[in-house]
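See structure below.
The values are calculated or read from the model by the stated rules, or taken from the named source; none is laboratory data. Because the structure is predicted, anything quoted here is derived from the model rather than measured. In this analysis, Cβ positions are derived from the backbone assuming ideal geometry, glycine residues included, and neighbour counts consider all displayed protein chains. Side chains are part of the model used for accessible areas, which takes the heavy atoms of the whole protein and leaves out ligands, DNA and RNA. Shrake-Rupley method; radii C 1.70, N 1.55, O 1.52, S 1.80 Å.
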Amino acid sequence: MKNKYLILILLGVITLSSCATYYQKNIKFQEYISNGEMERAREFLEKSSKDAKGKNRMLYLFNHGWINWITNQNQISNQSLEEADKMIDEFQKNYALEALSFLSNPGIRPYQPEDFEKVMVNYYKALNYLNLKQYNTALVEVRRINEKLNQLNDKYPDHKNRYQNDAFAHIMMGLIYEANREYNDAFIAYRNALEVYESSYQKNFNLPAPEQLKKDILRTASRIGFYEELRTYEAKFNMKYVPAKRTGGELILIWQNGMGPVKSEWSINFTKTSSQNGFVTFANEENGLSYPVYIGDKNEKEKNGFDKLSFIRVAFPKYSERKPYYRKAEVFVNDTIYRPEIAQDLNGIAFKTLQDRMFREMASAIARLAAKQALEALARKENSDFGTAVSIFNAITEKADTRNWQTLPYEIAYIRIPLIVGENKVKLTLSTPDNQQKTIELTFQAKDGETIFHVFNSLESYLPNMN
């Protein structure tokens with residue numbers, strides 16, 4: 001009877017597992033977004049009561065905040081994003097689910113977002129406040145990005161993220177400070193952004209500092225009378241600052257291009273290489289990986305189960321890229337061409353941060369799998385039928401957690417454009433690598449000294465390769 005109850009429990013957990021990835025389960029929502037059918041996407045999302053109330057509540061809030069942001073429902077968007085932000089700050093482990101996930105897979109737990117997803121919550125909140133002309137509140141959200149990253153990276157004493165600071169967050173701070181005529185603070189923010197590009201983004205994401213950032217540093221240094229710093233940066237950038245003689249406003253055009261990656265699954269095999277001094281060591285020579293698992297606190301039966309293991313296969317999430325359809329943008333305003341430059345590579349950050357997390361968490365993943373397979377060996381010894389049930393359970397439930405925030409952009413670019421007082425016709429042309437083009441016409445009414453923030457989204461992307 002005991003075995004029958006255990007088998008029923010195992011089968012119950014198996015029903016929680018599925019071969020489909022999170023992206024595949026939500027493909028209809030993604031299709032609506034890709035087709036620009038935002039109202040249908042919103043309706044579909046709001047009918048997803050299972051996600052709205054269950055373990056995927058945070059992902060629901062991410063998507064709900066995003067869909068309302070892109071349709072200019074800024075206050076509704078911020079309500080969802082604020083709740084998500086509080087969930088991130090107050091995240092408490094459910095120890096019953098932690099124990100169950102140790103025997104099944106991490107996908108049954110409430111979603112715990114990637115570090116860069118956590119800070120994108122504050123980015124979208126800042127955009128909402130900019131739309132509402134609440135610049136000081138927008139600044140609070142952008143400052144929170146690097147505060148949050150510092151807190152997150154303090155938790156990783158051995159294997160820190162390569163994404164430890166956010167250069168684009170500093171740029172956004174500078175842009176908002178300057179729009180608010182706080183030029184000294186703007187200069188400091190721009191300078192901090194340059195430092196992050198030079199110390200981290202160039203090396204880790206192959207992303208140099210945009211030329212626009214360099215121009216902003218020179219202009220603000222001159223404006224606040226930092227002439228020594230101005231000369232230093234002129235020499236560093238090999239650029240000569242020439243003050244512009246113009247009146248009118250300015251447009252900060254932010255181009256969010258494509259859609260970020262989605263998670264699929266891959267697996268890696270580990271062979272047991274040694275068993276001594278209370279440790280069992282599993283290694284993968286191809287990737288130069290070796291992880292000891294402590295079993296000194298196990299009883300003799302459990303130790304025997306570990307000793308019978310020869311190899312294990314660990315499932316881990318991986319990202320599948322969704323390449324953007326358009327790769328270049330040009331803006332035509334008053335007979336002048338401006339070219340937005342990439343300032344944030346979210347696709348690259350996603351891949352690198354997941355790789356960093358894999359190295360941090362591989363040991364616990366191996367321990368989880370080894371425990372499952374040791375249980376299988378013990379079960380077979382006690383009862384062959386029960387052992388078969390456990391074997392089936394292990395095979396089906398060894399799945400990676402493929403959930404992620406799938407409405408984020410692939411990359412973010414920006415440019416500063418001078419406007420005349422009154423009506424400005426702006427023509428934005430997007431181009432593919434083979435020079436297929438799409439042109440969008442925008443109109444902005446500018447006041448003297450006004451800074452207008454405008455985000456343009458091109459969502460067209462190629463489908464991910466889920467193999």
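Observations on the model:
- Filter result (of a type in the set (A, V, I, L, M, F, W, C), under 18 Å from Thr247 (Cα atoms) and assigned to a strand (DSSP E or B)) within segment 410-425: Ile417, Leu419
- Whether a residue is out of contact with any Lys or Arg (no Cβ under 6 Å at 6 or more places or on another chain), among the aliphatic types (A, V, I, L, M), more than 28 Å from Tyr462 (Cα to Cα) and open to solvent by less than 30 Å² (accessible area, probe 1.4 Å) was assessed, and Ala41 does not pass this test.
- Just one of the listed residues (Ser264, Ser274) is assigned to a strand (DSSP E or B), within 29 Å of Phe456 (Cα to Cα) and open to solvent by less than 50 Å² (accessible area, probe 1.4 Å), and it is Ser264.
- Restricting segment 435-450 to residues that are within 31 Å of the chain's Cα centre (by Cα) and not aliphatic (A, V, I, L, M), the residue that is surrounded by the most Cβ atoms within 10 Å (Cβ to Cβ) is Lys438.
- Tallying residues that are at pLDDT 95 or above and farther than 16 Å from Val142 by Cα within segment 155-186 yields 2.
- Residue tally, condition outside any loop (DSSP other than H, G, I, E, B) and out of contact with any Ser or Thr (no Cβ under 7 Å at 6 or more places or on another chain), over segment 292-301: 4
- Restricting segment 46-70 to residues that are touching an Asp or Glu at 6+ places or on another chain (Cβ under 8 Å) and more than 19 Å from Gly260 (Cα to Cα), the residue that is most open to solvent (accessible area, probe 1.4 Å) is Arg57.
- Filtered residue count, segment 433-467, keeping only those that are part of a loop (DSSP other than H, G, I, E, B), of a type outside the set (Gly, Ala, Ser) and more than 30 Å from Pro317 (Cβ to Cβ): 6
- Among the candidates Val331, Val280, residue that is at pLDDT below 85 and assigned to a strand (DSSP E or B): Val280
For every residue, the table says whether it meets (1) surrounded by fewer than 17 Cβ atoms within 10 Å (Cβ to Cβ); (2) among the hydrophobic types (A, V, I, L, M, F, W, C); (3) in contact with a helix residue (DSSP H, G or I) (Cβ under 6 Å, 6 or more places away or on another chain); (4) over 30 Å from Leu354 (Cα atoms).
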site: Glu198; (1), (2), (3), (4): yes, no, no, no
site: Tyr201; (1), (2), (3), (4): no, no, yes, no
site: Pro210; (1), (2), (3), (4): no, no, no, no
site: Lys215; (1), (2), (3), (4): yes, no, no, yes
site: Thr220; (1), (2), (3), (4): no, no, yes, yes
site: Gly225; (1), (2), (3), (4): yes, no, no, yes
site: Leu230; (1), (2), (3), (4): no, yes, yes, yes
site: Lys236; (1), (2), (3), (4): yes, no, no, yes
site: Pro243; (1), (2), (3), (4): yes, no, no, yes
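- Pairing residues of segment 160-183 that are free of Cβ contacts under 8 Å to residues at least 40 places away in the same chain and at negative phi with residues that are of a type in the set (Asp, Glu) and in a helix (DSSP H, G or I), at Cβ distances under 8 Å and at least 6 apart in sequence or on separate chains, gives Met173/Asp185; Tyr177/Asp185.
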